[in-house]
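Below is one structure, written out as structure tokens; comments come after it.
The values are calculated or read from the model by the stated rules, or taken from the named source; none is laboratory data. This is a predicted model, so every value here is computed, not measured. In this analysis, Cβ positions are derived from the backbone assuming ideal geometry, glycine residues included, and neighbour counts consider all displayed protein chains.
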Amino acid sequence: MTGEASTAEVRGWRGHVLAHLRSGQVSKIVYGSIIGLALVLTLEAHPSTPGVAIGSLVATGLAVGLAELYSEVIGSHTKKGLGEEHAATAEVVEETAAVIIGVSFPAVFFVGSAIGLWELDTAFQLAKWTGLGLIAGYGYLAARLSGAGVPRALLQASGVAVIAALLIAFKAILH
């Protein structure tokens, strides 16, 4: 999986996936997903309505994203003032969007609940376990792209999945 992608690989969905994995967005989506998972666990302890969950996730995504953007702008200005290279504005905006998406994505499950596709409890279950799966999946892909074999990549993915699962279990025990 390492090395340059062939022309055939760059086409289609695989090309989009490879481009995404090579971008700075991956770490930002994982970062946002961890925040989103923590928020979902908190909301589950005090559920009210799908609308509250959607609003909380989107508002938190925007708040964290804007904080990320602000900190990157300040850092960029500082580096520029010291004569160092800094990230391009487009790159910072893309990474900010990735954080917002990572935090806010579980809202889609609550939209499903709001329109009657499933119950609120199902939305919480989907949000929790897909968040865990996303975090573990990125752990696996990161290990594979860094040259690790499948067993080591599975071990790395399992390690981050266990951490997320422990967070889920911890919240379940407390509530």
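Listed values, structure above:
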{"item": "Qualifying residue in the stretch 95-108 (condition: among the acidic types (Asp, Glu), under 15 Å from residue 30 (Cβ atoms), assigned to a helix (DSSP H, G or I) and under 22 Å from the mean Cα position of the chain (by Cα))", "result": "yes"}
{"item": "First in the stretch 24-44 and within 25 Å of residue 91 (Cα to Cα), second anywhere and crowded, with 22+ Cβ neighbours inside 10 Å and of a type in the set (Asp, Glu), Cβ under 9 Å, 6 or more apart", "result": "24/95; 25/95; 27/95; 28/95"}
{"item": "Pairs where the first residue, in the stretch 107-118, is acidic (Asp, Glu) and the second is assigned to a helix (DSSP H, G or I), C-beta under 6 Å, 6+ apart", "result": "none"}
{"item": "Considering residues of the stretch 76-92 that are surrounded by 14 or more Cβ atoms within 10 Å (Cβ to Cβ) and modelled with pLDDT of 75 or more only, the residue farthest from residue 62 (Cα to Cα)", "result": "76"}
{"item": "Breaking point among (1) part of a helix (DSSP H, G or I); (2) free of Cβ contacts under 8 Å to residues at least 40 places away in the same chain, for residue 48", "result": "(1)"}
